[in-house]
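Have a look at the structure below before the remarks.
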Amino acid sequence: MPATIVETNSTPFARIAIDPVTLDIIENALRNARIEMDATLVRTAMSPGIREQGDAFPLIADHTGKMIVGQFGSFIDGFLKGYTGTLEDGDMIFLSDPYSCEGAVSHANDWLVLYPVFKDGRLLAYTAMFGHMSDIGGSVVGSMPIKARSIFEEGVRIPPVKIWKKGEYNEEVIRVIMHQVRKPDWCQADLNAIIASCRVAARRVIEMADRFGDDVYVSATQELLARNHRAMQALIGMAIAEEPVSFEDYICDDGVGQGPYRIKCTMWREGEKVVLDFAGTDPQSTASINFYLNENMFKMFFGIYMIMVFDPQILFNDGFYDLIDVRIPEGSLLKPKFPAALSGRTHALGRIFDILGGLLGQKTPEFLNAAGFSSSPHLFYSGNDTRPGKNGEWFQLFQIGFGGIPGRPMGDGPDGHSLWPGFTNVPNEFLERYFPMVIERYECEPDSGGAGLHRGGNGIRMTYRFLADGTISIHDDRWFVPPWGVNGGEPGKRARKIIEKPDGSQTIVGNKVEELTVEAGDQLHFITWGGGGWGDPLDRDPALVGKEIIQGLVTPEGAREYGVVADAGGKVDEAATAALRADLRARRAPLETFNFGPGIDALRANCLAETGLPAPVQPVWPLAVAAE
C-alpha cells in the first residue's frame, strides 16, 4: 500500500498561466535555494567527505515528488510507492537502506533525509538531501568492505523512519543508530547538517509561495517541468535513432580476483521515447561492486548527459521521465537481488557515464566524448595517533580522489578533476592538520591523459607519508581496462598504487585492497587514471605540446605520441616533428571512432608485465548466466 499524504486542506492547486518574468524569478530562486542547501551543509558538517569535498546531493521537488532542481533526480515517486506509513505536517523521513527505496540511495553509507513541506494544510513541495557518511559500522573502517558477501556486513541499515513526527524529534532512534558507528560525532553533525539544509530549502519555498501565491508557485513548477519535457523531446528526436546501437564497457575487477565485469546497454527510439536496455550486462557479483541502479536516477543521468552535450542552457529536472524507458535485468550487476553487497558500487556508477558517452556519440561522432568519468577513487586510513601529545587517539580518514576527465569536442579534458563536477579536493593543509600524515606530492601525472587533438585530462599522483602505524584501504578502478579514446584519440593511462618503505623499496599494490597495514614512514603513491583522447593526436598544435612540456603535463617522450619532437625545455624541432608525423601517418592503420586499446585477452596476457599485478580471472556465476 503506498504512502498516505495527510492534508487538512483538500482544495486542489489551480493552474495559472505564468508570465516569463515570474517564471524566471521562481526558477532562479529555486536554483539559489539549492545552492543555499549546499552552503548550509558544508558550514555545519564535520566529516571531510561532506564538509570539505561536498559528497552530498540536494533536491527540491514539486508537490507530487518530481525534482525541480537538484543533481541525482528524484527518488520520491519510488519511495511513496513503497512506504506504507503516513506523511503529515511536521514529519521528516530518514533512511539509508538501498533495498527499501528502489536504489534511490545506492549504498548504505548514503544517509537520506526527506522533508515534505506543508503550507496551510496542503503539501506544497519536498526537500531532500543525502550525504555519504564516513563510517556506519560494519566489518571494516569506513564501512565499504571490498570482500563483503552481503549488505549485512556493510554497517547499519536504516529503513524509512520518521526522524521527526508531527514536529517531535525521535531522539531514541538516533541514539540507537549512532551506537553502531565508529565516528558518532561526525555522523551526528553530518545528519544535523542535512536536516538543516532541508529546512533552509523549505523556508525558501514557503517564502516564494507567500510572495507569489501558492497557485502561482505550483503552476511555475509545473511549467518548468513541461518546458524540460519539450526540450528533451526535441533532443531525443534529433540525437537518437530508431535503429538500435549498443555499447559495452567493463569494471576491471571485484577486489577478490575476478574480472572484468561487463556492463552493456542498447539504445533505440520508439516514436518520441528512447529505450535503454541493459540486457547483456553480467550477473551480480558475489563481492561488493554491485550497483543497484534506480531507473529514475539513470533517467536523470541520461538527461544530464544529453543536456550537457547538446544544449547546456536547459535546466534539467524530472519533467522528461515519461520519455525514457529503462530496462535493467533482475539479478544483474545493476539490479542485484537482496541481500547482495553494494558498498563498492562507485566503479559501476562511474562506468555508466562512459557508456552513455559511447551510446550517444555513435550517431553524431562530432559530439562524442572519450572515456574518463571512470570511477571515484577512495582512500581510507585509520589507526591510533601515537605522535607526541595525541595520546593514541583514534583517527580515520575517508578521502575521494580525482582522475582525468575525457577529451571532448570543445577541448582538452580537465586534469585531475572529480567524477562529480561539484566535488572539491580535501586541502592538503586540512589533511596534515587533522591526520598523522604529510602530503609529499600532489600533482598531475604527466602523459596519463590519452593523446589526441584534444588531450585527455591527466590523472593525479598524490603521495602520502604516514606518520603513524595504521591500516589503509583503497577503492579504485581503470587499472586493467584503460579509458578509451575516440575519433583517433588514444586511451588514457591506467591507475597504479605503490607502497614505498623508508629504505626506498617499493611494492605495487592492488587498486581494490582492504585493511593493508602501513607503518610510520611508509609512503603511498596514489596514481589515478587519465582520460581518453579526442581526435587525431598528429593534428595537435606542436607549440601547445611544447608548452605542456614546460607545464609538466607532457614529457618529451610523451610528446612523440603527438608526433612532436621537443626537448625538456619545450623547444620544438619543427623539421624533426614534420618528419616524424609523416612517418607515423604512413605506418598507422586507419583511425577508428573508438580506440579501446588491446582486447581483454591481450590485457590478460600482458597484465603482470604492464601493471605488476596478476590479471583477474574470468568471473563464474554458478546460478546465473548473462542475458543476451
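Just one of the listed residues (Met144, Met133) is in contact with a His (Cβ under 8 Å, 6 or more places away or on another chain) and hydrophobic (A, V, I, L, M, F, W, C), namely Met144.
The set of residues in region 264-319 that are among the acidic types (Asp, Glu), touching a residue at least 60 places away in the same chain (Cβ under 8 Å) and out of contact with any Asp or Glu (no Cβ under 9 Å at 6 or more places or on another chain) comprises Asp282, Asp311. Considering region 533-543, the residues that are open to solvent by less than 30 Å² (accessible area, probe 1.4 Å) and in a helix (DSSP H, G or I) include one that is nearest to Gly413 (Cα to Cα), namely Pro537. (1) over 19 Å from Pro414 (Cβ atoms); (2) among the acidic types (Asp, Glu); (3) in contact with a Gly (Cβ under 8 Å, 6 or more places away or on another chain): which one isn't true of Glu519, the others all being true? Only one criterion in (1) over 19 Å from Pro414 (Cβ atoms); (2) among the acidic types (Asp, Glu); (3) in contact with a Gly (Cβ under 8 Å, 6 or more places away or on another chain) is unmet by Glu519, namely (3).
When residues in region 442-484 are screened for being part of a loop (DSSP other than H, G, I, E, B) and under 27 Å from Glu557 (Cβ atoms), 23 of them pass. Kindly indicate which of Pro446, Pro436, Pro406 is within 14 Å of Phe373 (Cα to Cα) and in contact (Cβ under 8 Å) with a residue 40 or more places away in the chain. Result of the check over Pro446, Pro436, Pro406: Pro406. Based on this model, can you work out whether Ile50 counts as of a type in the set (A, V, I, L, M), touching a residue at least 60 places away in the same chain (Cβ under 8 Å) and within 28 Å of Ala189 (Cα to Cα)? The answer is yes for Ile50.
Any residue at all in region 320-330 that's over 30 Å from Pro58 (Cβ atoms) and either open to solvent by 10 Å² or more (accessible area, probe 1.4 Å) or over 21 Å from the mean Cα position of the chain (by Cα) (or both)?
Yes, the conditions are met somewhere in region 320-330.
Scanning region 412-425 for residues that are at pLDDT 90 or above and in contact with a helix residue (DSSP H, G or I) (Cβ under 7 Å, 6 or more places away or on another chain) turns up nothing.
Restricting Ile498, Ile527 to those that are open to solvent by less than 10 Å² (accessible area, probe 1.4 Å), of a type in the set (Val, Ile, Thr) and within 28 Å of Ala568 (Cα to Cα) reduces the list to Ile527. Residue pairs whose Cβ atoms lie under 6 Å apart, sitting 6 or more positions apart in sequence or on different chains, and linking a residue in region 536-547 that is without any contact (Cβ under 8 Å) to a residue 60 or more places away in the chain to a partner that is aromatic (Phe, Trp, Tyr), are Val545/Tyr562. Checking every residue in region 80-102 against the condition of being hydrophobic (A, V, I, L, M, F, W, C), more than 22 Å from the chain's Cα centre (by Cα) and not in a strand (DSSP E or B) gives at least one match.
Suppose we keep only residues that are among the small types (Gly, Ala, Ser) and open to solvent by less than 10 Å² (accessible area, probe 1.4 Å) within region 412-454. Which one would you say is nearest to the chain's Cα centre (by Cα)?
Checking each candidate, the answer is Ser418.
Taken together, the criteria place Thr528 among residues that are polar (S, T, N, Q) and closer than 19 Å to Pro414 by Cβ.
Candidates Glu519, Glu490, Glu500, Glu514: the one that is in contact with an Asp or Glu (Cβ under 8 Å, 6 or more places away or on another chain), among the charged types (D, E, K, R) and touching a residue at least 60 places away in the same chain (Cβ under 8 Å) is Glu490.
The requirement of being acidic (Asp, Glu) and over 27 Å from Gly504 (Cα atoms) is not satisfied by Asp522.
Filtering region 133-161 to residues that are within 30 Å of Lys66 (Cα to Cα) and buried (at least 24 other Cβ atoms within 10 Å of the Cβ) leaves Met133, Ser134, Ile136, Ile151. Checking Asp253, Asp249 one by one, the residue that is of a type outside the set (A, V, I, L, M, F, W, C), out of contact with any Cys (no Cβ under 8 Å at 6 or more places or on another chain) and closer than 16 Å to Gln618 by Cβ is Asp253 and no other. Residues in region 343-360 that are among the charged types (D, E, K, R) and open to solvent by less than 10 Å² (accessible area, probe 1.4 Å): Arg351, Asp354.
From the residues in region 1-36 that are in contact with a Lys or Arg (Cβ under 6 Å, 6 or more places away or on another chain) and outside any helix (DSSP H, G or I), which one is surrounded by the most Cβ atoms within 10 Å (Cβ to Cβ)? Break it down into steps so the answer makes sense when it comes.
First, the residues of region 1-36 that are in contact with a Lys or Arg (Cβ under 6 Å, 6 or more places away or on another chain): 2, 7, 9, 33.
Cutting the leftovers down to outside any helix (DSSP H, G or I) gives us 2, 7, 9.
Values: Pro2: 11, Glu7: 15, Asn9: 12.
Among those residues, the one meeting the criterion is Glu7.
Checked against (1) on the phi < 0 side of the Ramachandran plot; (2) at pLDDT 95 or above, Ile405 passes all but condition (2). Go through the residues of region 555-574 one by one and say whether even a single one is under 30 Å from Thr386 (Cα atoms), open to solvent by less than 40 Å² (accessible area, probe 1.4 Å) and more than 27 Å from the chain's Cα centre (by Cα). No, there is no match, as no residue in region 555-574 is under 30 Å from Thr386 (Cα atoms), open to solvent by less than 40 Å² (accessible area, probe 1.4 Å) and more than 27 Å from the chain's Cα centre (by Cα). Picking from residues in region 455-486 that are open to solvent by 40 Å² or more (accessible area, probe 1.4 Å) and not hydrophobic (A, V, I, L, M, F, W, C), the one that is farthest from Ala348 (Cα to Cα) is Asp469.
For (1) surrounded by 24 or more Cβ atoms within 10 Å (Cβ to Cβ); (2) hydroxyl-bearing (Ser, Thr, Tyr); (3) within 26 Å of Ser47 (Cβ to Cβ); (4) free of Cβ contacts under 8 Å to residues at least 24 places away in the same chain, each residue gets a yes or a no:
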position: Ala341; (1), (2), (3), (4): yes, no, yes, no
position: Gln362; (1), (2), (3), (4): no, no, no, no
position: Glu366; (1), (2), (3), (4): no, no, no, no
position: Leu379; (1), (2), (3), (4): no, no, yes, no
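Results for (1) out of contact with any Asp or Glu (no Cβ under 6 Å at 6 or more places or on another chain); (2) over 18 Å from His132 (Cβ atoms); (3) without any contact (Cβ under 8 Å) to a residue 60 or more places away in the chain, shown as yes or no for each residue.
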| site | (1), (2), (3) |
| --- | --- |
| Ile5 | yes, yes, no |
| Glu27 | yes, yes, no |
| Arg31 | yes, yes, no |
| Ala45 | no, no, no |
| Leu59 | yes, no, no |
| Lys81 | yes, yes, no |
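Please count how many residues of region 389-411 are of a type outside the set (Lys, Arg) and open to solvent by 50 Å² or more (accessible area, probe 1.4 Å).
So the first thing to find is which residues in region 389-411 are of a type outside the set (Lys, Arg), and the list is 389, 391-407, 409-411.
Adding the requirement that they be open to solvent by 50 Å² or more (accessible area, probe 1.4 Å) leaves 389, 391, 393-394, 410.
Qualifying residue count for the region: 5.
Note on region 139-165: residues that are touching a helix residue (DSSP H, G or I) at 6+ places or on another chain (Cβ under 7 Å), outside any strand (DSSP E or B) and in contact (Cβ under 8 Å) with a residue 60 or more places away in the chain total 6.
Across region 110-135, the number of residues qualifying as closer than 11 Å to Ile50 by Cβ and not in a strand (DSSP E or B) comes to 2.
The values are calculated or read from the model by the stated rules, or taken from the named source; none is laboratory data. This one's a predicted model, so the numbers in the text were calculated from it and none came from an experiment. Methodologically, a virtual Cβ is constructed for each residue, glycine included, from the backbone with ideal geometry; neighbour enumeration extends over all protein chains shown. Surface areas here come from the heavy atoms of the whole protein model, side chains and all, with no ligands, DNA or RNA. Shrake-Rupley method; radii C 1.70, N 1.55, O 1.52, S 1.80 Å.
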